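Single-structure report; data block below.
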Amino acid sequence: MKEAVLGSLIIFGVMAAMAVLFLVLARKMAAGTLRPNAFVGIRTPATLRSADAWYAGHLAAAPQMVYSSRAFGVTAVGALVNAVMDGPKWVVGVLMIANSLLVLPLMVWAAVVAGRAAGPRVRR
């Protein structure tokens, strides 16, 4: 198996797993079943203030998580197409950069939306 094909298949697997993970998290966030925890979720001072703030913030940010899941899915499909068509190695790099340019702003947007939905800021 050529190096470029193997690399594309690995990226496909990772991006497909991330797409599924983000979609599962988005569904749990929208359903209000993602309990406050130390590992998963939008952990801003506003969302960590109380359980009610946590749930309100995550409910509001669920659409951005769905968009992120779609971005990971598109990247996965692109990597799979590149592998099947025996495309050049640089395509995988472009896919990863494009994915980062899509997902990072979505995550910042999700954090902002969650913080605003969690309630007013506390001034010290």
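Each value in this text was obtained by applying a stated rule to the coordinates, not by laboratory testing. Remember, predicted model here, so these are calculated numbers, not experimental data. With ideal geometry, Cβ positions are generated from the backbone for all residues, glycine too; neighbour counts draw on all protein chains shown.
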Checklist entry - In 10 Å bins starting at 0, how do the alpha-carbon pair distances of the chain split up by percent? => result 15, 37, 24, 16, 7, 1
Checklist entry - Taking the Cα centre of the chain as origin and charging only Cβ (+1 Lys, Arg; -1 Asp, Glu), how large is the dipole, in debye to the nearest 20? => result 640
Checklist outcome for this item: Scoring the chain by relative contact order with C-alpha pairs under 8 Å, at least six apart, yields a percentage of 39
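Determine the sum of side-chain charges near Gly57: Lys and Arg each +1, Asp and Glu each -1, restricted to other residues whose C-beta is under 12 angstrom from that of Gly57.
On the way: positive: Arg43, Arg49, Arg116; negative: Asp52.
It works out to a net charge of +2.
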Next on the checklist: Please list, in order along segment 34-43, the HN-Hα scalar couplings obtained from phi with the Karplus expression 6.51 cos²θ - 1.76 cosθ + 1.60 (θ = phi - 60°), rounded to whole Hz, x for Gly and Pro.
Outcome noted: 8, 6, x, 8, 8, 10, 10, x, 8, 9
Next on the checklist: At 0.36 nm per residue, and after removing the present C-alpha to C-alpha distance, how many nm does the segment from Leu104 to Asp52 gain when stretched out fully?
Outcome noted: 16.1 nm
Checklist outcome for this item: The simple spin-label model distance between Val5 and Val81, using points 7 Å out along Cα→Cβ, in nm, is 1.9
Item to check | Stretch gain in nm, segment Arg43-Trp90, where the contour uses 0.36 nm per residue and the Cα spacing is subtracted | outcome: 13.4 nm
Item to check | Charge dipole (the chain, unit charges on Cβ, about Cα centre) - positive-most of Val81, Val113, Ile11 | outcome: Val113
